[in-house]
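Trainee: Below is a structure I'd like to ask you about.
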Amino acid sequence: MLSLTRGILAFAAVAAGMYAVGCAALFAMQRSLLYYPPQGVAPDDVTLTLTGTGERILVSVRVNPGTRAVIYFGGNGEDVSRSMATLERAFPAESIYALHYRGYNGSGGSPSEKAIVADAVALFDRVHSTRPNIIMIGRSLGSGVAVQVASLRPVERLVLVTPYDSIQEMAARRFPYFPIRWLLLDKYESWRYAPRVTAPTQLLAAQYDEVIPWSSTDALYRHLPHGLATLTVVPDAGHNTISDVSEYPSLLRGTP
């Protein structure tokens with residue numbers, strides 16, 4: 001009996017050690033699981049550089065006359081310069097600004113929620129000083145950035161493409177046996193900031209989204225102020241193919 005007890009205790013100790021190693025590995029690797037920076041030199045359309053944020057942050061820009069602008073925050077693996085053509089079709093008369101996150105396409109530093117949101121606020125303030133009528137668009141990961149900025153700044157209209165209520169909650173569902181709420185550094189809890197959004201908000205969900213569960217998008221929708229937001233499900237679209245749908249530019253613009 002004593003040897004059996006010792007064997008059980010030894011097994012428990014090994015299991016606990018392996019679990020601790022798993023937690024440590026998940027903690028160390030978490031940002032590489034969340035951010036997939038496209039590499040390469042700065043795209044040709046970069047004509048604005050933010051330098052007051054501690055790093056050299058690049059912004060793809062298309063300038064038009066007038067006071068109207070669009071600010072775009074992309075997904076976790078998106079080269080936002082490749083989205084400029086679609087944005088230009090949706091907004092032919094507005095100036096367009098697409099933020100390259102830290103570590104993406106020549107922007108300095110490493111990505112984190114705190115740093116990206118700070119850069120996004122700095123970009124808004126820079127644009128707003130000359131173009132006060134701003135439509136803000138956030139896609140996938142960028143929806144969490146856009147919600148936070150819109151909760152702090154006077155956005156005219158907010159568009160959230162394949163949005164979620166919380167990266168933390170999705171990670172907890174993906175890794176149910178780990179204490180994600182204690183390990184996660186970048187939580188992107190959009191639900192926490194959504195009640196403070198005052199701009200009319202359009203949520204675009206993909207019918208066959210294989211990344212963001214419908215329950216997560218719906219939860220965010222329910223946290224936005226009643227009557228402020230509309231939720232549209234884009235038929236026959238997946239998480240990464242929603243922008244290929246022919247109606248996508250008009251949906252971004254908010255026109256039938």
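The values are calculated or read from the model by the stated rules, or taken from the named source; none is laboratory data. Worth saying up front: this structure is predicted, and the values here are computed from it rather than measured. Note that we place each Cβ from the backbone using ideal geometry, even for glycine, and neighbour counts take in every protein chain shown.
Trainee: For region 64-105, what are the residues that are farther than 24 Å from S250 by Cβ and surrounded by 18 or more Cβ atoms within 10 Å (Cβ to Cβ)?
Mentor: N76, H100, Y101, R102, G103, Y104, N105
Trainee: Then there's this: Please work out which residue is farthest from V159 (Cα to Cα), limiting yourself to region 225-237 and to residues that are in a loop (DSSP other than H, G, I, E, B) and touching a residue at least 12 places away in the same chain (Cβ under 8 Å).
Mentor: Across region 225-237, the extreme among qualifying residues is P225.
Trainee: Another question about this same structure. Given the options S107, S81, name the one that is within 27 Å of V159 (Cα to Cα), in contact with a His (Cβ under 6 Å, 6 or more places away or on another chain) and modelled with pLDDT of 75 or more.
Mentor: Only one candidate qualifies: S107.
Trainee: Determine the pairs where a residue that is more than 15 Å from Y97 (Cβ to Cβ), located within region 109-134, has a partner that is β-branched (V, I, T) and assigned to a loop (DSSP other than H, G, I, E, B) with Cβ atoms under 7 Å apart, the partner being 6 or more residues away or on another chain.
Mentor: That search, which allows pairs on different chains as well, returns A118/T53.
Trainee: Which condition from (1) surrounded by fewer than 20 Cβ atoms within 10 Å (Cβ to Cβ); (2) within 15 Å of the chain's Cα centre (by Cα); (3) assigned to a helix (DSSP H, G or I) is the one that R222 breaks?
Mentor: So R222 meets the others, but not (2).
Trainee: Listed residues A206, A146; which is modelled with pLDDT of 95 or more, part of a strand (DSSP E or B) and crowded, with 18+ Cβ neighbours inside 10 Å?
Mentor: Answer to the selection: A206.
Trainee: Here is a further query. For the list (1) modelled with pLDDT of 95 or more; (2) assigned to a loop (DSSP other than H, G, I, E, B); (3) within 24 Å of the chain's Cα centre (by Cα), I need the number of the one condition that P37 fails.
Mentor: Going through (1) modelled with pLDDT of 95 or more; (2) assigned to a loop (DSSP other than H, G, I, E, B); (3) within 24 Å of the chain's Cα centre (by Cα) one by one, P37 breaks only (1).
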